[in-house]
Structures are given as C-alpha cells and as structure tokens.
1. Please verify whether residue 269 is over 19 Å from residue 320 (Cα atoms), of a type outside the set (Lys, Arg) and not in a loop (DSSP other than H, G, I, E, B), treating the condition exactly as stated.
2. Where the second residue is of a type in the set (Gly, Ala, Ser) and surrounded by 15 or more Cβ atoms within 10 Å (Cβ to Cβ) and the first is closer than 13 Å to residue 185 by Cβ and in contact (Cβ under 8 Å) with a residue 12 or more places away in the chain and lies in the stretch 119-145, which pairs have Cβ atoms under 6 Å and are six or more apart or on separate chains?
3. Please enumerate the residues belonging to the stretch 28-86 that are acidic (Asp, Glu), in a loop (DSSP other than H, G, I, E, B) and touching a Gly at 6+ places or on another chain (Cβ under 9 Å).
4. Return a yes/no flag: does the stretch 289-305 have any residue that is in a strand (DSSP E or B), within 31 Å of the chain's Cα centre (by Cα) and within 21 Å of residue 245 (Cα to Cα).
5. Could you count how many residues in the stretch 140-154 are of a type in the set (Gly, Ala, Ser) and at pLDDT below 95?
6. Out of (1) surrounded by 18 or more Cβ atoms within 10 Å (Cβ to Cβ); (2) out of contact with any Pro (no Cβ under 6 Å at 6 or more places or on another chain), the odd one out for residue 126 is which?
7. How many of the residues making up the stretch 99-153 are touching a helix residue (DSSP H, G or I) at 6+ places or on another chain (Cβ under 8 Å) and of a type in the set (Phe, Trp, Tyr)?
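The values are calculated or read from the model by the stated rules, or taken from the named source; none is laboratory data. Given the structure is predicted, the values throughout are model-derived calculations rather than measurements. For neighbour counting, all protein chains shown are included, and Cβ atoms are generated from backbone atoms with ideal geometry for every residue, glycine included.
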Amino acid sequence: MRYRIAALLLLAAVVGLTAPSLAQSDVQTFPETGHTLRGAFRVFWEANGGLDTFGYPITEEYPASNGRLVQWFERARLELAEGGGQPRVELGNLGAEASSDRIFPKSPPVNDTADRRYIAQTQHVMKYGFKDVWEARGAERIFGYPISEEVQEVLDDGEWHTVQYFEKARFEYWPGLPAGQRVLISHLGRRLAPSSPPSQPTPQPAVPTTAPAPPTAPSPVPTPTSAPAPALPPPSYNNCQADPNPSAAPNYPVRITAINKDAETVTLQNISGEPISLDGWRMCSITGNQQHSISGSLAPGQSRTYAGSDGPIWNNSERDDGALYNERGQLVSYWRD
C-alpha cells in the first residue's frame, strides 16, 4: 500500500511543469556524497536552484514516520506531500526546526525600500543581501518567511556572523567572501538529518515528470572550515561594576541573545557543542550594578529566558548594558544596550 501511495505521489508530484520527462532510469549519482537523485525530487532540485540552493543529497529517498517519502540534502529536506487532493514536492521547515527552542522578538512594521522589506505574515524584516537572495532564489516558496530578525551567531570558523532564520532555511553573512557571494545558505540538512537513514533508495515506478529550464543561480561559494573556540579573557568581575574591557568578551560558549528591560528578562544561548553549567555564573545589569538571576544548565544549542528577581533590575530610561561572567569571573558575553 505504501508503494502504491508513493507511485501516485510521484505521478503528479510537480504541478504545471512543461519540459522533457524523466524516468526511473534517469538517475544521477553524486560521488561527492555517494547518493543518488531521481524522479520528482530530481525535477524539483534542478528546477529550483540545484546545488547552490539545496546542496548535495546526503541520504537516499525513504518513507518517513509520517508516511511521506523524504530525501535529505545538505541545506534542505524534500518531501512528497498531498494537500487538497493534489500531490506535490514540498520543502521541510528546517529553519523552524533548528530554532525550535528559541523565541525571536517581532519587529514593528517599517516602510519597504530597495534595501529592506517587511514581511507582515511573520512580522520580521529582511535587509540587503539576505533580502536579495531570498527574492532572487524563490522567496517564501523555497525558503519560507523570515522567523527572526538578523542575529549574531558564532559559526564554524569560530567568528561572529550575522544570520537570519527563515521557516525552511538559515542565511549567513560572510564579509570576507567576494562581493555577490557573501550570503551562504546554512547546511541545516547536515545538522538535522537522522544519523542512520536507510542506505538504499526506495523502489520507484517509472513515472513521467517534467520541469522548466533551471533558473540561473549564483556560483557556488567556498564552504567555511572550522576553527578553535575563542579564548576567554582574564577574570574581571567586580560586583557588576562596568567592565574595563567589554570588547574582550568572546560571546562563547554562552552568549546573551536578548535583554527585555520592560519584561525584566534575559535570554542566553549555549553555542558550544558541550553542555554548560551556569552554577556560580553572574548576569549583571551594569547601570544599577545588580545581578539578574540565572541558574541550571544549558544543553548544546539550547536557549533559555530567565526572569529577574523581585523588583526592577534593568534601567528602562537610560542605557543599561548586560555582562555575563562565569564562575571564575571571566567575561563570557557582553550586551550593548
């Protein structure tokens, strides 16, 4: 029964396409990853940006627990879905899944310009290169709507980069790359794909599927390489007084991602690959020389929002920076108000 459903899905997976057909024998193998691409998934991949948008396949097709036929790629997950009686190829919500433990503040509406665009559906703003890539490579159909503003994260090179989360992807900005190639699409597929998917392709019938000529896509850009974790500065904690060198904060292994002075909350994220205990750590409100309560531990990649103690801690009328110190008094992260 499952293969009968898969056959029906494959028969009409892509709607409104008008070019030569692909049969089961028209299979492309990628020696870079040892996986194949065929049928409706190959049609969709080639018609919507191919390697530059989705990356190489990193699994074969296989039936997921929800009954859909899926295949993982470096930057995406393709799924055969059926809605309203019409089968189609869809993209998995990798951006939402990768940030499921985070809460991103909304943005108030702004006027659209050539450099920025407000998305009312999710109440977020896209700007500059992120906006350009989103619009040029398929917009919400391929990437979904933005679900965050631009935020700062430490990436594989150990450096801080501007990133933005979308429903189906994450964009990264690499200023050291050549102009026109500085926006990368994160390898969220490699991060989220199951560790032991089926190694053999799911049998498929020969089905006619057609596609338009693929759009012109930007040239591939280099894949960043990993780098050692940044070093922490010497201890400088002084009862939440202003730190003498706030720029020394590496924002690693934990970083301050948000301070809501109205709600009296602080959000921290563990951006390392190891669990972090916050026992003995201190979160400081600099203007009032006060401590904001934090405790417990953070799993790798986990974000958590901490409410303050009773009474006001953060100054709402004046600048009030935040500083996070570890149990040794080293400045770990600094938030400039």
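1. Here the answer is yes, as residue 269 does meet what is asked.
2. 137/49; 143/169
3. Restricting attention to the stretch 28-86, the residues satisfying the condition of being acidic (Asp, Glu) are 32, 46, 52, 60-61, 74, 79, 82.
Among the residues that remain, those that are also in a loop (DSSP other than H, G, I, E, B) are: 32, 60-61, 74.
Hits for the stretch 28-86 are 61, 74.
4. Our first condition is that a residue be in a strand (DSSP E or B); within the stretch 289-305, this holds for 290-292, 297-298, 303-305.
Those still in the list that are within 31 Å of the chain's Cα centre (by Cα) too: 292, 297-298, 303-305.
In the following step, the residues that additionally are within 21 Å of residue 245 (Cα to Cα) were identified as 292.
There is at least one residue in the stretch 289-305 that is in a strand (DSSP E or B), within 31 Å of the chain's Cα centre (by Cα) and within 21 Å of residue 245 (Cα to Cα).
5. Quick first cut of the stretch 140-154, residues of a type in the set (Gly, Ala, Ser) only: 144, 148.
Next cut, at pLDDT below 95 only: none.
Final tally of qualifying residues: 0.
6. That leaves (2) as the condition not met.
7. Residues flagged as touching a helix residue (DSSP H, G or I) at 6+ places or on another chain (Cβ under 8 Å) and of a type in the set (Phe, Trp, Tyr) within the stretch 99-153 amount to 2.
Quick grid of which residues meet (1) among the polar types (S, T, N, Q); (2) surrounded by fewer than 22 Cβ atoms within 10 Å (Cβ to Cβ):
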| site | (1), (2) |
| --- | --- |
| 56 | no, yes |
| 62 | no, yes |
| 65 | yes, yes |
| 73 | no, no |
| 100 | yes, yes |
